[in-house]
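The structure appears right after this line, and notes come after that.
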Amino acid sequence: MSAPFYSYQPAKGHGLPHDPFKAIIAPRPIGWIASQSESGIANLAPYSFFNAFNGAPPIIGFASVGFKDSVRNIQATGEFCWSLATRELALPMNQSSASVDASIDEFELAGLEKRASTLVSVPHVAASPASMECKVTQIIQLNDMHGQQCDTWLVLGQVVAVHIQQAFLTDGVFDTAGAASIMRAGGLGDYFSVSEDAKFIMGRP
């Protein structure tokens, strides 16, 4: 006997109390993106549509629903930084998501110290266990299956420098569980945290 399924077509609505899409594609790593305006005002914002897309050269990217300050700054300067959001930094990460005027520095708003980057002018989060400096490779406005433009921009950047707090390197291996990175899930405010208990090892065939 086959298991029962709840099926729907997104274009016709899901018919549920909350859209399950983001809960199914979850948990998602957080793109805690720092950018800087041409006049030097820093911007810091978390994006849940974020991931790594290439290994050599390393390329990471995030998608912004709406042409927000992050995209505007990155388009103008060609640079951004990503910092790892952790359980310890969850509250300031959430505070940096506030919708504020472009003149507001979210580092200051969230009470976060900046750390100067080495190859880009954009600073990154000093307290984060790991940060990456990036140079833009592509900014793409997404299209739907009919070729109609979406109000969403995919920003891709090549990692040109990586910074790791030494405390999170164990025998030269980054301690993912020790860093306690957090990820976005479904619901109105659901997150998950990485822990050693959740780890399992499985070699490739």
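Taken together, the values in this text are just the output of simple stated rules run on the coordinates, not laboratory data. What you see is a predicted model; the values in this text were computed from it and never measured. Heads up, the Cβs are rebuilt from the backbone with ideal geometry, glycines too, and the neighbour counts pull from every protein chain shown.
Numbers below:
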{"read-out": "Simple Cβ-charge dipole of segment 28-192, Lys/Arg +1 and Asp/Glu -1, about Cα centre, in debye nearest 20", "value": "220"}
{"read-out": "Mean Cα-pair separation over length for the chain, i.e. relative contact order, pairs under 8 Å, 6 or more apart, %", "value": "23"}
{"read-out": "Principal semi-axes in Å for the chain [√(5λ), Cα gyration tensor, largest first]", "value": "28, 24, 17"}
{"read-out": "Spin-label proximity, Glu113 to segment 140-184 - amide N less than 15 Å from point 7 Å beyond Cα toward beta carbon", "value": "165-167"}
{"read-out": "Rounded, prolate or oblate (a/c below 1.5 giving rounded, otherwise prolate when a/b exceeds b/c) for segment 76-134 by Cα gyration tensor", "value": "oblate"}
{"read-out": "Spatial separation of Cα centroids for segment 109-161 and segment 46-89, in angstrom", "value": "3"}
{"read-out": "Distance (nanometres) between label positions extended 7 Å along Cα→Cβ at Asp171 and Ser195", "value": "2.4"}
{"read-out": "Rounded FRET efficiency, nearest 0.05, which uses the C-beta distance separating Ala23 from Ser121 and R0 of 30 Å", "value": "0.20"}
{"read-out": "Among Gln148, Gln158, Gln138, residue whose mean-square fluctuation peaks in a GNM of the chain (springs only between Cα atoms under 10 Å)", "value": "Gln148"}
{"read-out": "Value of relative contact order over segment 81-201, rounded to a whole percent, pairs C-alpha under 8 Å and six or more apart", "value": "23"}
{"read-out": "Spread of Cα-to-Cα distances over 5 Å intervals beginning at zero, given as percent, for segment 124-177", "value": "4, 16, 16, 15, 13, 11, 10, 8, 5, 2, 0"}
